[in-house]
Amino acid sequence: MYCNVAIFFCIICYNAALHYSVQHIIQDSQLRLLGFYWGIFGVIAFLLFAVLRLGPRILDLSDYTLSPLHWLLMVGFVLWMAWAEGYKGFHQAFSPRVIARARYLRTGSHPVLSLLAPLFCMGYIHSTRKRKIVSMVLTSVIIGLVMLLRITPQPWRGIIDAGVVTGLTIGIASLVYFWFQVESGRWNHPIGLDLPGSDKQKDLDPSPTLDSSEQP
């Protein structure tokens, strides 16, 4: 709950700052790089926080004797979360969009966007209405799972944690994978940036590799 309140507060501050300095554009390469890396690291830190909160509960399963049914359900749930959350949710949608929006910051953008880069990269600010809603729902689901699993009895808590952590870990690995693609100049993903107004026109990440304007 506190995380969502903090996010809403940052969004309000962003809108206020944007209103008073709309025409100001980042020109300094160091500030552009700050937004790029701060956005990526901030999103990874958010996901890693959830993994670290849930991970120890999986280890608690060693104190319980799991039946064949427990093992069957855990393996099945882990595999399903790896595909549904890790591959479909993160690797095919969330992760490349985060990196694409981080690249947008690297090319030069509003200074407030760089300061609030993690929120921008996740689509909370300076995005379409649909992207804002999807981002809010995704974050609420992750936070809700963390809170709900705190009151779920073992061994079911550990079994569900194993699936959720698997999906989040794949998501983190996916972010690192696409980030390395950008750093090595091999980025070529036709993912939509979902910038304001892009729901009315096609808005794809324009360049597959860094051009001269993106060089630090």
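Every number in this text was worked out from the coordinates using simple rules, so none of it is lab data. None of the values given here were measured: they were computed from a predicted structure. Here the Cβ is made from the backbone with ideal geometry for all residues, glycine too, and neighbour counts use every protein chain on show.
Points worth noting:
- Radius ratio Rg over Rh of region 29-214, counting only Cα atoms, Kirkwood formula for Rh: 1.04
- Charge dipole (debye, nearest 20) of region 29-214; +1 at Cβ of Lys and Arg, -1 at Cβ of Asp and Glu: 420
- Applying 0.36 nm per residue to the separation of LEU72 and LEU31 and subtracting their alpha-carbon distance, the gain on full extension is 9.7 nm.
- Here the extension length gained between TRP83 and LEU138 equals 18.2 nm, from 0.36 nm per residue of separation less the Cα-Cα distance.
- Gain upon complete extension [ALA173, GLN154; 0.36 nm per residue less C-alpha separation]: 4.0 nm
- Efficiency of FRET from Cβ geometry, LEU195 and ARG53, R₀ 35 Å, rounded to 0.05: 0.60
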